[in-house]
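> Following this message is one structure expressed as structure tokens.
The values are calculated or read from the model by the stated rules, or taken from the named source; none is laboratory data. None of the values given here were measured: they were computed from a predicted structure. As a convention, Cβ positions derive from the backbone with ideal geometry for all residues, glycine included, and neighbour counts pool all protein chains shown. Surface areas here come from the heavy atoms of the whole protein model, side chains and all, with no ligands, DNA or RNA. Shrake-Rupley method; radii C 1.70, N 1.55, O 1.52, S 1.80 Å.
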Amino acid sequence: MALFGDLKHQTLADLAKILHIHTGILIFHSSYQGKTVELVLNRGQLRATYLDGFPIGELTRVRSILHQLHAQGHGAFEFHRQALLVGDAHLYDQPFAGLIHEIAEAAPLGTAGPMIPDDQLPHPETRFVPVLHSLSVPDSLASLWAVVQPHLAGGSSAAELAPRIGLSPHDTQTVLYRLRAMDLITPQRAAAARHATTQQAALPHEPGDSSGDRMPLSSASATPRPLVQRLLGALRRFTQGGTA
């Protein structure tokens, strides 16, 4: 049995219902951040997941990947029915259809919790970057952080991020608000300013360089004036003496 399609025409929840008793490999080609996802099923039980050929041992990471696939609503897939081998990885034993049902019924990723007033949410165009040497990620935000972090390396705003992670712009603003509250991200301009200040403070002075002790231009230009005045006075006295 081979099954081909795209999540544009068949939801992930419907696909999970079809495969709830089958054994084989479900493959999403370049559907998750340009990477290939492989799901190993045994009679409808999820046994292992691979991302570009590398196994994913944490079920929370698998949930975040499946959540994005469900939320974005597109992605080519194929399922190949085949018997599992004795040496095949067995990382977990989770009902695939039940897992997808939980994801489909759950609130949008990262938006659960108390309602945040709109005037406290970051502006849709404000770009954020990860905070260097940030604290460990709380368990409640681990799945969210796994989805969002790859898009923030070069800086990203809620408006740019929303279509990439499959959330509405408002929900994405909420996500960024919660990540910023945990000091996991910071506005890009603030991060750049802090970096520049740190670099300036760390720059060593060259031998003989007195740039650190330089006076303001206005003060420096004022120091020659008494000498000029003395020279003009001497010139006047010399001229007056010659005409006397």
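> Kirkwood hydrodynamic radius (Cα pairs, Å) of the stretch 2-101?
Kirkwood hydrodynamic radius for the stretch 2-101: 13.2 Å.
> Rolling a 1.4 angstrom probe over the protein heavy atoms, how many square angstrom per residue are accessible across the stretch 113-193?
54
> Output ³J(HN,Hα) for the stretch 39-44: one whole-Hz value per residue in order, computed from phi by the Karplus curve 6.51 cos²θ - 1.76 cosθ + 1.60 with θ = phi - 60°, and x for Gly and Pro.
With the stated coefficients, the stretch 39-44 comes to 10, 9, 10, 10, 6, x Hz.
> How big is the charge dipole of the stretch 113-193 about its Cα centre, in debye rounded to the nearest 20, if each Lys and Arg gets +1 on its Cβ and each Asp and Glu gets -1 on its Cβ?
Using only the charged Cβ atoms, the result is roughly 200 debye.
> Could you go through the stretch 90-103 in sequence order and give the Karplus-derived ³J(HN,Hα) for each residue, using 6.51 cos²θ - 1.76 cosθ + 1.60 with θ = phi - 60°, rounded to whole Hz, and x for Gly and Pro?
So the J values, rounded to whole Hz, are 10, 8, 7, 9, 10, x, 5, 4, x, 4, 5, 4, 4, 5.
> Before I look further, what does the stretch 53-96 give for accessible area per residue, probe 1.4 Å, in whole square angstrom?
54
> ³J(HN,Hα) across the stretch 163-173 via Karplus (A = 6.51, B = -1.76, C = 1.60, θ = phi - 60°), whole Hz, x for Gly/Pro?
x, 6, 10, x, 10, 6, x, 5, 5, 5, 4
> Classify the stretch 113-193 from the C-alpha gyration tensor, please: rounded if a/c falls under 1.5, else prolate or oblate depending on whether a/b exceeds b/c.
Here the stretch 113-193 falls in the rounded category.
> If you average the C-alpha positions of the stretch 144-158 and of the stretch 49-89 separately, how far apart do those two centres end up, in angstrom?
So the two Cα centres are separated by 21 Å.
> Using amide H atoms built in the peptide plane, which far-off residues or other-chain residues are under 5 Å from Arg127 H to H?
Gln188
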